[in-house]
Amino acid sequence: MRERVLVAMSGGVDSSVAAAVLARQGYDVIGATMKLFCYGDDVPDRPCCSLDSIDDARRVCESIGVPHYVLNLESAFSRDVIGNFVSEYAAGRTPIPCVRCNTFTKFRDLLRKADALEARYIATGHYARSVSGELHRGSDRAKDQSYFLWGIDRDVVRRMLLPVGELTKDETRQLARELGLRVVSEKPESQDICFVPDGDHAKVIARHLGADAPALSPGDFVTSDGSVVGRHDGYARFTIGQRRGLPGGHREAMFVIAIRPESREVVIGPRQELLGLGVIAREINWLVDEAPDVGARVQLQVRHRSAPAPAEVLRLDGGEMELALDEAVAAITPGQSLVIYDGERVLGGGIIESAVGARGASRTALPVIAA
Amino acid sequence: MPTPIYLDHAATTPVRREVLEAMEPYFGSRFGNPSSMHRWGREARAALDAARERLAHCLGAESDELCFTSGGTEGDNFAILATFHARRKEGRTAVVTSPIEHKAILGAVHQAAREGAEERILDVHRDGLVDRDSFDANVRDDTAVCSVMWVNNEIGVVQPIEELAGRAKERGAVFHTDAVQAFGKLPVDARKVPFDILTISGHKIGAPKGIGAIYIRRGTPFEPLLHGGAQNRGVRPGTENVAAAVGLATAAELAVEEREAEVRRLGELRDRLEAALLERIPDAVVNGKGAPRAPHVLNISVPGTDSESLLLALDLAGVACSSGSACQSGSVDPSHVLTAIGVPRELAVAAVRMSLGPLTTPEGVERVASLFPALIAKARRLSAVAG
């Protein structure tokens, strides 16, 4: 009896190759594209329900000879991912909806569909590896997407098949060509959040909270000493470390260093004010049996593409944890993910609540928010 | 895997062998354009005229009252928009329909509203029947057109078209009925039932996809939607699909000829399937039960399940059903019909439509009657685990 696997297919090259590889390996593959949202009439120049992606996934399934279904997860996605996205911005944080989608939509709701279809495995096109029940980084370090997967249920890891996690992006594309997946082999990488057309996240917030929501209403730019240095058009348009859209006339380059939703202030400051020596995170989830204890030495990442930073666990209680960094890290951003690694292994992660002890000077970068 | 079972005849049916044979010459030697004056043209014209006449005969109509279309959606759009365009000049600007119509009607009515019509949606009862008081209150002397589908495609409910058409006409409104699911199941006779416009579709009765027809009673006001040629007497210009028209006429004749026997056969099979499922799943709910129903549709909801998972599980087990309503993307959405008749959400999201037809056999029905409850039991176990 061939093992059945439900493959989550976005219509992109990675998940298409995942499906084709598994089919070639002899799995009983069922392709599924999740219908997660509908633009409706808001975006007239795009077809409803990311139809192009669905069509591409269907054509890939036709070409490899496996069934394809469109699964409607719209209401759950709206609640768990879009709703949270909007409320996080309203709270002055910068969410990563892809993390929530992995945690709640792909590896919980879609897994239930897999159960209903008696599929033992669930597969995606993520650049990460499932190794003896543990989650590891993708082999292609430049593409590694393990950062976005820390929130899934530990027991699910055993049921995950991640065929492209062993490959580099180039190898994936090459394989797509060899497998004859012409529909997707040359498709450009998607950088946008799927439900944010044209990258304009303020529009999504406006649709849910109204264009006059506090998060989109004018407020003050202030510096950390409290001086008002300008006006902005809504704190939800800003994220920690951002330089674009800040008032000029400062001696040094200025960055967003904090967002204060209660007073609608966006705090700006020079590079050294962007640095943190510690981080507090909540919603902690572990992917290994033996979670690090207080005093343990770990490596952490506060964003997708950054080098792992050595740190020590200072405090662990309930769902919250505090870590001290050996060296300062820039732009530790509330709402983004803290992911704890041990080399290749993903130990766990959480949602960043706050940075601790800002000082020093370092580089900066905007958070990367697509996976 | 055992032979797959097709229980989705309300979606489409296979082209009948007789139909295919009747069409074949018009793809080959008799390929002419019916508008040409030469012998090829005459040959095609003769076939087209004969097809129109044969189809008219099936509907109790005159052949000049028939116009071939591309199918149900075009017919429905014509019925609403062509009449609204003609009648708004006389101050009749209201367009009335029921909330359980096919999306082709609802979409056309919304379009009319965008063009200035007043959109009025009738109340429907829990069993799916249109409320008479609501009908009387909404269909008035300001009404351009009123459209109520004869047999609902999702739940099979049969509306009292003769009565509704009569009431609409008393008020001077054009009355249209979408008879896509009714034709071949109910007697459709323009001499007996006073509808003004009626839509049928070929592929529901064994003709190919892409062909349908509208009946337009003589004297009914309308403005064509397409412009260009004199084909179809200017009602619907464009070179006629001769082969498909011949196919539709052939399929319609067979449908009328076999109607009584087939209705009896399908009704018995449907009732047997329904009884077996209700016996094995006592809390299952048959949607539209209580109203007169066409013999080929069974729409059933099982509490604690969801249509999407059931349809997938059925498909993987080789049984083709539907939920009656599909988004453009192919995903399963809660049905607007079930929502409109007040089916609670937890039942509306659990609906499965089984529709019977020429491919349905007693053995197939038996197999589904035993397989479906097993899938239900599994779906319920899973949803209990998921909480």
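The values are calculated or read from the model by the stated rules, or taken from the named source; none is laboratory data. Quick caveat, the model's predicted, so the values are computed rather than measured. Because the Cβ atoms are built from the backbone with ideal geometry, glycine has one as well, and the counts that use them run over all protein chains shown.
Figures for the structure shown
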| item | result |
| --- | --- |
| Segment B:313-334, residues that are touching a Lys or Arg at 6+ places or on another chain (Cβ under 6 Å) and either modelled with pLDDT under 70 or facing chain A (nearest Cβ under 7 Å) (or both) | B:GLY324, B:SER329, B:SER331 |
| Residue, nearest to B:GLU101 (Cα to Cα), within segment B:338-387, restricted to residues that are in contact with a His (Cβ under 9 Å, 6 or more places away or on another chain) and among the β-branched types (Val, Ile, Thr) | B:ILE341 |
| Among the residues listed as B:ALA374, B:ALA379, the single one being of a type in the set (Gly, Ala, Ser), within 14 Å of another protein chain (Cβ to nearest Cβ), in a helix (DSSP H, G or I) and touching a Leu at 6+ places or on another chain (Cβ under 7 Å) | B:ALA379 |
| In segment A:136-165, residue nearest to A:GLY335 (Cα to Cα) [restricted to those that are in contact (Cβ under 8 Å) with a residue 60 or more places away in the chain and touching a Ser or Thr at 6+ places or on another chain (Cβ under 6 Å)] | A:GLY151 |
| Options A:GLY92, A:GLY83; residue that is assigned to a helix (DSSP H, G or I), more than 9 Å from chain B (Cβ to nearest Cβ), over 16 Å from A:GLY11 (Cβ atoms) and modelled with pLDDT of 95 or more | A:GLY83 |
| Members of segment B:65-88 that are touching a helix residue (DSSP H, G or I) at 6+ places or on another chain (Cβ under 7 Å), touching a residue at least 60 places away in the same chain (Cβ under 8 Å) and part of a helix (DSSP H, G or I) | B:GLU65, B:GLY72, B:ASP76, B:ASN77, B:ILE80, B:LEU81, B:PHE84 |
| Long-range neighbours under 8 Å by Cβ, at least six apart or interchain, first residue touching a residue at least 40 places away in the same chain (Cβ under 8 Å) and under 17 Å from A:SER78 (Cα atoms) within segment A:97-122, second of a type in the set (S, T, N, Q) and crowded, with 23+ Cβ neighbours inside 10 Å | A:VAL99/A:SER337; A:LYS106/A:THR124 |
| Residue check, A:GLN272 touching a residue at least 24 places away in the same chain (Cβ under 8 Å) and within 15 Å of A:GLN336 (Cα to Cα) | no |
| Test: residue in segment B:165-175 that is part of a loop (DSSP other than H, G, I, E, B), of a type in the set (D, E, K, R) and under 18 Å from B:GLY72 (Cβ atoms) | no |
| Selected residue (only one of B:PRO303, B:PRO282, B:PRO295 is under 25 Å from the mean Cα position of the chain (by Cα), more than 14 Å from every other protein chain (Cβ to nearest Cβ), in a loop (DSSP other than H, G, I, E, B) and on the phi < 0 side of the Ramachandran plot) | B:PRO295 |
| The one condition in (1) over 20 Å from the mean Cα position of the chain (by Cα); (2) within 23 Å of A:ARG305 (Cβ to Cβ) that A:ASP115 fails to fulfil | (2) |
| Among the residues listed as A:ALA324, A:ALA296, the single one being more than 30 Å from A:ASP140 (Cβ to Cβ), surrounded by fewer than 17 Cβ atoms within 10 Å (Cβ to Cβ) and either over 20 Å from the mean Cα position of the chain (by Cα) or of a type outside the set (Asp, Glu) (or both) | A:ALA324 |
| Segment B:170-198, residues that are among the charged types (D, E, K, R) and either modelled with pLDDT under 95 or surrounded by 24 or more Cβ atoms within 10 Å (Cβ to Cβ) (or both) | B:ASP178, B:LYS185, B:ASP196 |
| Lone unmet requirement of (1) part of a loop (DSSP other than H, G, I, E, B); (2) surrounded by 14 or more Cβ atoms within 10 Å (Cβ to Cβ) for B:TRP40 | (1) |
| Of the criteria (1) buried (at least 21 other Cβ atoms within 10 Å of the Cβ); (2) assigned to a loop (DSSP other than H, G, I, E, B), which one A:VAL339 fails | (2) |
| Scan of segment A:57-96 for residues that are more than 20 Å from A:GLY210 (Cα to Cα), more than 16 Å from the chain's Cα centre (by Cα) and in contact (Cβ under 8 Å) with a residue 60 or more places away in the chain, ordered by number | A:ARG59, A:VAL60, A:SER63, A:ILE64 |
| Condition check for B:ARG16: touching a residue at least 24 places away in the same chain (Cβ under 8 Å) and crowded, with 18+ Cβ neighbours inside 10 Å | yes |
| Tally of residues being facing chain B (nearest Cβ under 10 Å), not polar (S, T, N, Q) and not in a strand (DSSP E or B) across segment A:53-80 | 6 |
| Scope segment B:361-378; condition over 13 Å from B:ALA284 (Cα atoms) and out of contact with any helix residue (DSSP H, G or I) (no Cβ under 6 Å at 6 or more places or on another chain); matching residues | B:THR361, B:PRO362, B:GLU363, B:GLY364, B:GLU366, B:ARG367, B:VAL368, B:SER370, B:LEU371, B:ALA374, B:LYS378 |
| Top-ranked residue in segment A:1-12 [being modelled with pLDDT of 95 or more and crowded, with 22+ Cβ neighbours inside 10 Å; ranked as farthest from A:CYS194 (Cα to Cα)] | A:VAL5 |
| Criterion (over 15 Å from A:ASP144 (Cβ atoms), in contact with a Lys or Arg (Cβ under 9 Å, 6 or more places away or on another chain) and in a strand (DSSP E or B)) met by exactly one of A:GLU312, A:GLU327 | A:GLU312 |
| Residue match in segment A:33-46 (condition: charged (D, E, K, R) and at pLDDT 95 or above) | no |
| Check on B:ALA108, on the phi < 0 side of the Ramachandran plot, assigned to a helix (DSSP H, G or I), buried (at least 24 other Cβ atoms within 10 Å of the Cβ) and free of Cβ contacts under 8 Å to residues at least 60 places away in the same chain | yes |
| Restricting segment A:118-127 to residues that are among the hydrophobic types (A, V, I, L, M, F, W, C) and crowded, with 23+ Cβ neighbours inside 10 Å, the residue that is farthest from the other protein chains (Cβ to nearest Cβ) | A:ALA123 |
| Count of residues meeting criterion [part of a loop (DSSP other than H, G, I, E, B) and within 14 Å of A:SER263 (Cβ to Cβ)] in segment A:213-223 | 2 |
| Among the residues listed as A:GLU262, A:GLU290, A:GLU283, the single one being in a strand (DSSP E or B) and either at pLDDT 95 or above or out of contact with any helix residue (DSSP H, G or I) (no Cβ under 9 Å at 6 or more places or on another chain) (or both) | A:GLU283 |
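Rundown of residues vs (1) within 30 Å of A:GLN272 (Cβ to Cβ); (2) modelled with pLDDT of 95 or more; (3) loosely packed, with under 13 Cβ neighbours inside 10 Å, yes/no style:
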{"position": "A:LEU167", "(1), (2), (3)": "no, yes, no"}
{"position": "A:LEU175", "(1), (2), (3)": "no, yes, no"}
{"position": "A:PHE195", "(1), (2), (3)": "no, no, no"}
{"position": "A:HIS201", "(1), (2), (3)": "yes, no, no"}
{"position": "A:SER224", "(1), (2), (3)": "yes, no, no"}
{"position": "A:VAL228", "(1), (2), (3)": "yes, yes, yes"}
